[in-house]
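K.L.:
Quick one: the structure is below, questions incoming.
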Amino acid sequence: MAEENIKTIPLSFVNAYLAKANDGFILIDTGLANQWEILEKELISTGCLPDKLKLAILTHGDMDHSGNCKKLQEKYKTKIAMHKDDYSMIETGSINKRKVKSLSRKIMFGVFMFLRKFRKNKTNQNKFTPDIFLQDGQSLNDFGFNARVIHIPGHTKGSIAILTDNGDLFAGDTLVNNKKPETAYIIENSSDLKESLEKIKKLNIRMVYPGHGKPFLMESLKL
């Protein structure tokens, strides 16, 4: 997939990505609920809404990636897809205990968790039911998108990436690039993450589109 066919949509500290899919588009992640107006404006300006958005895919269930799913479903009848192993995060709002690699990031994660608790009632108002549960290796060709699903647990149990036939990887929070390309620094299961990174090593990846930070060439990441 040529880079001009992928649009990065910065939504505060998290990215959503809009990818061309034949005569329509695929949205990967949706940002926080308070970023709805920015997201909607970007999608409309691209000609994606109201009727060209074929699917919205969540790389995982955290609220900074899933916050606008309900609005997309209700206003535009967009179908939402995710891995079933993160459904409990959507259904109950609960998350499992996670490790954070460094002190500075522990502080950042603590702030995130505080805001999450503060916004709990609003988060409950944005609860939704996914339309599709994606599986490891599943093709997205039926949506006009030459790509497949890669299940990469570690950051969360249901974390997935989307790998296009041209080697573009939408990595969610498993790979990030805030200051430099690196692996997840917020980890639910270290053993799972290690296995997922070994899996990623074997893939034919050219460009990485992370959930946080700028896209980068895979060759710049040392796994």
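The values are calculated or read from the model by the stated rules, or taken from the named source; none is laboratory data. It should be emphasised that the depicted structure is a prediction, and the values quoted were computed from it without experimental measurement. Neighbour counts are summed over all protein chains in view; Cβ atoms, including those assigned to glycine, are modelled from backbone coordinates with ideal geometry.
K.L.:
In the list Ile6, Ile80, Ile44, Ile38, which residue meets the criterion of being touching a residue at least 60 places away in the same chain (Cβ under 8 Å) and of a type in the set (A, V, I, L, M)?
P.N.:
Ile6
K.L.:
Then there is this: Restricting the search to the range 47-57, which residues are without any contact (Cβ under 8 Å) to a residue 60 or more places away in the chain and in contact with a strand residue (DSSP E or B) (Cβ under 6 Å, 6 or more places away or on another chain)?
P.N.:
Result: Cys48, Lys52, Leu53, Ala56.
K.L.:
Take the range 20-35 and flag every residue that is in contact (Cβ under 8 Å) with a residue 60 or more places away in the chain and surrounded by 21 or more Cβ atoms within 10 Å (Cβ to Cβ).
P.N.:
Ala21, Ile26, Ile28, Asp29
K.L.:
Also, quick follow-up: Residues in the range 66-93 that are more than 16 Å from His155 (Cβ to Cβ) and either at pLDDT below 75 or in contact with a His (Cβ under 7 Å, 6 or more places away or on another chain) (or both): how many?
P.N.:
Of the residues in the range 66-93, 1 are more than 16 Å from His155 (Cβ to Cβ) and either at pLDDT below 75 or in contact with a His (Cβ under 7 Å, 6 or more places away or on another chain) (or both).
K.L.:
May I pose another question? Any residue at all in the range 158-169 that's at positive phi and either touching a strand residue (DSSP E or B) at 6+ places or on another chain (Cβ under 8 Å) or without any contact (Cβ under 8 Å) to a residue 60 or more places away in the chain (or both)?
P.N.:
Checked the range 158-169: at least one residue is at positive phi and either touching a strand residue (DSSP E or B) at 6+ places or on another chain (Cβ under 8 Å) or without any contact (Cβ under 8 Å) to a residue 60 or more places away in the chain (or both).
K.L.:
Please specify each residue of the range 177-191 satisfying the condition of being within 18 Å of the chain's Cα centre (by Cα), free of Cβ contacts under 8 Å to residues at least 40 places away in the same chain and not in a loop (DSSP other than H, G, I, E, B).
P.N.:
Once the filter is applied, which keeps residues that are within 18 Å of the chain's Cα centre (by Cα), free of Cβ contacts under 8 Å to residues at least 40 places away in the same chain and not in a loop (DSSP other than H, G, I, E, B), the range 177-191 yields Asn177, Glu182.
Each row is one residue, and each column tells you yes or no for (1) surrounded by 11 or more Cβ atoms within 10 Å (Cβ to Cβ); (2) over 30 Å from Asp168 (Cα atoms); (3) modelled with pLDDT of 95 or more; (4) among the hydrophobic types (A, V, I, L, M, F, W, C).
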{"residue": "Val111", "(1), (2), (3), (4)": "no, yes, no, yes"}
{"residue": "Thr123", "(1), (2), (3), (4)": "yes, yes, no, no"}
{"residue": "Ile132", "(1), (2), (3), (4)": "yes, no, yes, yes"}
{"residue": "Asn141", "(1), (2), (3), (4)": "yes, no, yes, no"}
